[in-house]
Amino acid sequence: MQLCIRAPGWHVVGMAPRKTTDDAQTRPSTDKDGPRYRAPALAKGLEILELLAGTTEALTLSAISECLGRSRNEIFRMVQELEDKGYISKSLENEGYEITNRLFRLGMEQPRVVSVTEAALPIMRKYAETTLQSCHLAIPSGGDIVVVARMEAPGPVSFSVRVSHRQSIFLSTSGRLLFAFQTDEVRADWLKFFPRSRTKADKAAFLVDADTIRKRGHLTSESSFIRGVTDLAAPIIRGGSAVASLTSPCIVRIDDERVTTLPTDEIVAAASAISEKLLPTD
């Protein structure tokens, strides 16, 4: 039996199959910004992608239908089209479908992301070679952070975060750092994604923490996921706000005397060097 496992924030409107009509496809809706025309087929495709992106296992056509509250016939052609275009694929383990990394690759091709990663990679490599610690580059994406580049530490042992890893802005070191270096307007927008399971006190503590991080200029925090790992993070600034976070999950190695202290100054210097490379040349 397959369960509908949905990502935080996923909202299913009803569980009964929904019917569409020609009128529904062409009739404009109205909101405060004026009339808008609906695109039901596009909406179905996006619902399928969002569902599969938030699941921990491949979903069969029947499971997708049940989770979305749509009939199998209603989504069959859309699933086939998404598979043909390479956005989803059949699992090798069962008959279910899973999302591919095509959307991630498209996002990585944005000039903004390309310019940051191109500027960061040489500096990230130098940081890893100097400190013997790994590091990764994370950018904001909706209510999450996404890791878009990483650099492994030299040597036989290291700890690193995989590229394409996603995590809530409010539950990650990189997210806390990015939030700290945003304008009030951006902060207010991001707070719409604050986990509903957290209390008002949690939100207040998060905001105080963000102000403290901003005053300090960087973040040092014990990892909330792995014992023995200390996260260091520093902002990559462009236009007065953080466009990315340079984060280093640091470990202490007993086999190498060079890895005994946290490279706080080095992570701050590396992030500053990347920020300088993003400044206009004229």
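Residues in region 174-203 that are among the polar types (S, T, N, Q) and either on the phi > 0 side of the Ramachandran plot or open to solvent by less than 20 Å² (accessible area, probe 1.4 Å) (or both): 2 in all. For region 204-214, taking the residues that are open to solvent by 50 Å² or more (accessible area, probe 1.4 Å) and touching a helix residue (DSSP H, G or I) at 6+ places or on another chain (Cβ under 9 Å), the one that is farthest from residue 237 (Cα to Cα) is identified as 207. Answer yes or no as to whether residue 66 is open to solvent by 80 Å² or more (accessible area, probe 1.4 Å) and modelled with pLDDT of 85 or more. Against the criterion (open to solvent by 80 Å² or more (accessible area, probe 1.4 Å) and modelled with pLDDT of 85 or more), residue 66 qualifies.
Could you please find all residues in region 45-63 being open to solvent by 30 Å² or more (accessible area, probe 1.4 Å) and in a helix (DSSP H, G or I)? If the condition is that a residue be open to solvent by 30 Å² or more (accessible area, probe 1.4 Å) and in a helix (DSSP H, G or I), then 46, 47, 50, 53, 62 are the ones that fit.
Would you check if residue 109 is modelled with pLDDT under 85, open to solvent by 30 Å² or more (accessible area, probe 1.4 Å) and more than 29 Å from residue 171 (Cβ to Cβ)? No; evaluated as a whole, the condition is false for this residue.
For residue 165, the conditions (1) under 20 Å from residue 124 (Cβ atoms); (2) open to solvent by 20 Å² or more (accessible area, probe 1.4 Å); (3) over 21 Å from the mean Cα position of the chain (by Cα) are fulfilled apart from (3).
The values are calculated or read from the model by the stated rules, or taken from the named source; none is laboratory data. Just so it is clear, the model here is predicted, and its values are computed rather than measured. All Cβ positions, glycine included, derive from the backbone under ideal geometry; neighbour counts span all protein chains shown. Only protein heavy atoms, including side chains, enter the accessible area calculation; ligands, DNA and RNA are left aside. Shrake-Rupley method; radii C 1.70, N 1.55, O 1.52, S 1.80 Å.
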